[in-house]
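The values are calculated or read from the model by the stated rules, or taken from the named source; none is laboratory data. What you are looking at is a predicted structure, and each value in this text was computed from that prediction instead of being measured. Don't worry about glycine lacking a Cβ; one is built from the backbone with ideal geometry, like all the others, and counts go over all protein chains shown. Side chains included, ligands, DNA and RNA excluded: accessible areas come from the protein's heavy atoms. Shrake-Rupley method; radii C 1.70, N 1.55, O 1.52, S 1.80 Å.
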Protein chains: 2
Amino acid sequence: MPKTNAFYAQSGGVTAVINASACGVIETARKHKDRIGKLYAGRNGILGALTEDLIDTSKESASAIAALRYTPSGAFGSARYKLKSLEENRAQYERLIEVFKAHSIGYFFYNGGGDSADTCLKVSQLSEAMGYPITCVHVPKTVDNDLPITDCCPGFGSVAKYVATSIREASYDVASMAKTSTKVFVLEVMGRHAGWITAACGLAAENEGEGPHILLFPEIAFDQDRFIARVEETVKKYGYCVIGVSEGVKGTDGKFLSESGLRDAFGHAQLGGVAPVIANLVREKLKYKYHWAVADYLQRAARHIASKTDVAQAYAVGKAAVEMALKGRNSVMPVIVRKSAKPYKWAIGAAELKDVANQEKFMPRDYITADGFHITAKCRAYLSPLIQGEDYPPFKNGLPAYVQLKNVAVPKKLSTDFKV
Amino acid sequence: MPKTNAFYAQSGGVTAVINASACGVIETARKHKDRIGKLYAGRNGILGALTEDLIDTSKESASAIAALRYTPSGAFGSARYKLKSLEENRAQYERLIEVFKAHSIGYFFYNGGGDSADTCLKVSQLSEAMGYPITCVHVPKTVDNDLPITDCCPGFGSVAKYVATSIREASYDVASMAKTSTKVFVLEVMGRHAGWITAACGLAAENEGEGPHILLFPEIAFDQDRFIARVEETVKKYGYCVIGVSEGVKGTDGKFLSESGLRDAFGHAQLGGVAPVIANLVREKLKYKYHWAVADYLQRAARHIASKTDVAQAYAVGKAAVEMALKGRNSVMPVIVRKSAKPYKWAIGAAELKDVANQEKFMPRDYITADGFHITAKCRAYLSPLIQGEDYPPFKNGLPAYVQLKNVAVPKKLSTDFKV
């Protein structure tokens, strides 16, 4: 194969380790200069390709690229931008290929979730049809852990470690204050459709009586009476009750609880914030003193408490993506394969993008206890390996010393602008 | 001096390092078995003394006590329980002294904030008047950093490190998404009356353009128009805006903002949560996409990212309290003295409780920029040393391995019950 340039872009919500995947891609590409010329990154993800706003990663030092391994967020900018279907907007895909052609880009590495896997697949198909075949490899990333085939998704393990650590710490706090103060604590975590992150909270409860005592999953319709009864029972038994709740919990009417309760001074629905809704309900019904927290972006950005396993896997899928492309594999995604549960051993496998795109993986019902309020031993066995090991970033002035790249623009070659 | 027993209790909201102070007290007492017999702890703080519910710390192994150094929360239980004034409820103080006498307790170590310093002082005075003099030493603790005389308060440095780390991580996240998604992020932190924790968020912004861009202090009345203008200006300049807000921010009418906005479905005011109020305001006025987080207990329990300086100081004041008591010092509190700013050097000094009790230390006005939206270089110079160094707890199964003590009860000696 002749030497061509490569393009890498980040897609969707960023994570604590998506840059570790970028690091894997770039460091591996740099090792194959005979095959890969320049590695360009899209400024603000796929927008950078559409608008020909490319970043020349060769302008970054080896140490800056190495620092991506421990820097959260998307170093080149990510985008929440879903390309329409080929039928609806073929021009977008054609533009991508036009830009790739103009910059002699023969490899496309797209780092994201289900939507971007689909885009990746379509670019591959269309480029072939247009006579400028591009090797397209998707690099998996999502805190939601909802991609199919792969045993887990890079990004998830670090959120899992963060939420389990945080809810354990808060549980200790509440336990020591409950006699005269807060008896109920609610932590809201991410997961609009799948309860993986909520489930990870459950890892903190290793022994009888430890928090969290109740988990509220998006997969289980919220039953107010059963919930209130369980809170009361827990407080009577242990003196306090710690609750992990998914932002995506729905009532029996199928509506998000977070949209059901709060109004601002103007009567507008308050978006986000199921934790205060749950906490207020406890106050209404049981009069317990409560506190609540909403972790929001803190959880997915918390590189300071990242899972070593997750970081290693994120790097590995980036590295494998380049190696697969160099082997001529197209329309594939490196996946994590669980080789052994105990001791935990994993390896990199490959999935065809046609099997990945636009599929969501939900929590199996047998990962949730029969009463719907906690995780089972089976779930614990699945989750626990994913949070193993610490991988602390370097600190400077008492704070994590994350890298900011120079992100030097590649001179444009096309005269046409493209509206996105 | 004859050998007597000692009593230790934790008071008020717990922290990531109050147990490090307990560790300092207990380990130091154990080194002086010729002078101090048993060290008892109050179960649920001062309630344990009032109800004669004492814990025999001698039943705990040396390794369990050593583990307190890295375990957040209050290992013996803390209490939000303020003793009334001597005039209002002399019986409470007399009961304390009766319990101390029954258990041959000659030393009282009280670990808390301003209120407990006051209690400590009164117990000392009354015990003397009642002919059973008790040596009373207060051990400082408060995340609010509002105790007088001491340069800083154990507990604060770790919250400061947590919030600065978290808002830096969230800033990186938002910066990389802002082009197509969230442009404004709001993190709510503790500090009902003093803006120290909010100020600590500011440490994350070390270079031009870095978040947080705006801080909202309880010391500065919230001016909606000026705030909105600043948010817009920031988004136009940097593409995004990160805001740290104190839970105690008040409007120009002097009312808490957190009480001004949200109503639940029943029309009741939603307690807590100034972050959603601020975020909604941004949406109303500027239409920017926003996210918000409320750290709540996560911030004060976050032992996993504690400041090494804070841990060392928390231990040191515990140790010093026992040493002061053994030297016959009474009605005092060990304090942190800043011996040198650069390089940062500190030592332990002593303050008289009469100078400490019921005083609050607010942020000096010259720690806040003239426009009221950020911290000054002077503030940064004060805060920065307090977050230096990491002091990670041990991990097991991917999670911090905190200790839970046995907390064995001391047999009661008094026949009378006491209603609290």
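Given the condition within 13 Å of chain B (Cβ to nearest Cβ) and surrounded by fewer than 20 Cβ atoms within 10 Å (Cβ to Cβ), answer yes or no: does some residue in the range A:58-80 qualify?
yes
Of the residues B:VAL332, B:VAL356, which is in contact with a Gly (Cβ under 9 Å, 6 or more places away or on another chain) and either polar (S, T, N, Q) or within 20 Å of B:GLN313 (Cα to Cα) (or both)?
B:VAL356
Which residues, counting only those in the range B:152-175, are open to solvent by 10 Å² or more (accessible area, probe 1.4 Å) and free of Cβ contacts under 8 Å to residues at least 40 places away in the same chain?
Answer for the range B:152-175, where residues must be open to solvent by 10 Å² or more (accessible area, probe 1.4 Å) and free of Cβ contacts under 8 Å to residues at least 40 places away in the same chain: just B:TYR172.
Among (1) open to solvent by 10 Å² or more (accessible area, probe 1.4 Å); (2) touching a Leu at 6+ places or on another chain (Cβ under 8 Å), there is one condition B:GLU188 misses while meeting the rest; what is its number?
Looking at each condition in turn, B:GLU188 falls short on (2).
Mind telling me which of the residues B:LEU121, B:LEU126 ends up being more than 22 Å from B:GLN388 (Cα to Cα), open to solvent by 10 Å² or more (accessible area, probe 1.4 Å) and in contact with a Lys or Arg (Cβ under 9 Å, 6 or more places away or on another chain)?
B:LEU121
With the requirement that a residue be within 18 Å of B:ILE278 (Cβ to Cβ) and either more than 10 Å from chain A (Cβ to nearest Cβ) or touching a Pro at 6+ places or on another chain (Cβ under 6 Å) (or both), what does the range B:164-188 give you?
Hits for the range B:164-188 are B:ILE167, B:LYS183, B:VAL184.
For the subset of the range A:194-207 comprising residues that are modelled with pLDDT of 95 or more and part of a loop (DSSP other than H, G, I, E, B), which member is most open to solvent (accessible area, probe 1.4 Å)?
Among those that are modelled with pLDDT of 95 or more and part of a loop (DSSP other than H, G, I, E, B), it is A:ASN207.
Given the options B:ARG43, B:ARG35, B:ARG30, name the one that is open to solvent by 10 Å² or more (accessible area, probe 1.4 Å) and within 25 Å of the chain's Cα centre (by Cα).
B:ARG43
Looking for something in a strand (DSSP E or B) and either in contact with a Ser or Thr (Cβ under 9 Å, 6 or more places away or on another chain) or away from chain B (no Cβ under 14 Å) (or both) - is there at least one such residue anywhere in the range A:92-100?
Within the range A:92-100, not a single residue is in a strand (DSSP E or B) and either in contact with a Ser or Thr (Cβ under 9 Å, 6 or more places away or on another chain) or away from chain B (no Cβ under 14 Å) (or both).
Any idea how many residues of the range B:18-41 are among the aliphatic types (A, V, I, L, M) and in a strand (DSSP E or B)?
3
This table checks each residue for (1) in a loop (DSSP other than H, G, I, E, B); (2) of a type in the set (Gly, Ala, Ser).
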| site | (1), (2) |
| --- | --- |
| A:GLY131 | yes, yes |
| A:ASN145 | yes, no |
| A:VAL159 | no, no |
| A:VAL163 | no, no |
| A:LYS179 | yes, no |
| A:THR182 | yes, no |
| A:ARG192 | yes, no |
| A:GLU232 | no, no |
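If you take just the helices (runs of 4 or more DSSP H) that sit entirely in the range B:281-396, which of them hold at least 2 residues that are under 16 Å from B:PHE156 (Cβ atoms) and open to solvent by less than 10 Å² (accessible area, probe 1.4 Å)?
It comes to B:297-301, B:308-326, B:377-383.
Can you find, within the range B:23-57, the residue that is farthest from B:VAL137 (Cα to Cα) among those that are among the hydrophobic types (A, V, I, L, M, F, W, C) and more than 14 Å from every other protein chain (Cβ to nearest Cβ)?
Top of the filtered list is B:LEU54.
Taking the stated definitions as given, is A:SER340 more than 20 Å from A:VAL137 (Cα to Cα), within 10 Å of chain B (Cβ to nearest Cβ) and at pLDDT 95 or above?
Considered against the rule, which asks whether it is more than 20 Å from A:VAL137 (Cα to Cα), within 10 Å of chain B (Cβ to nearest Cβ) and at pLDDT 95 or above, A:SER340 comes out as no.
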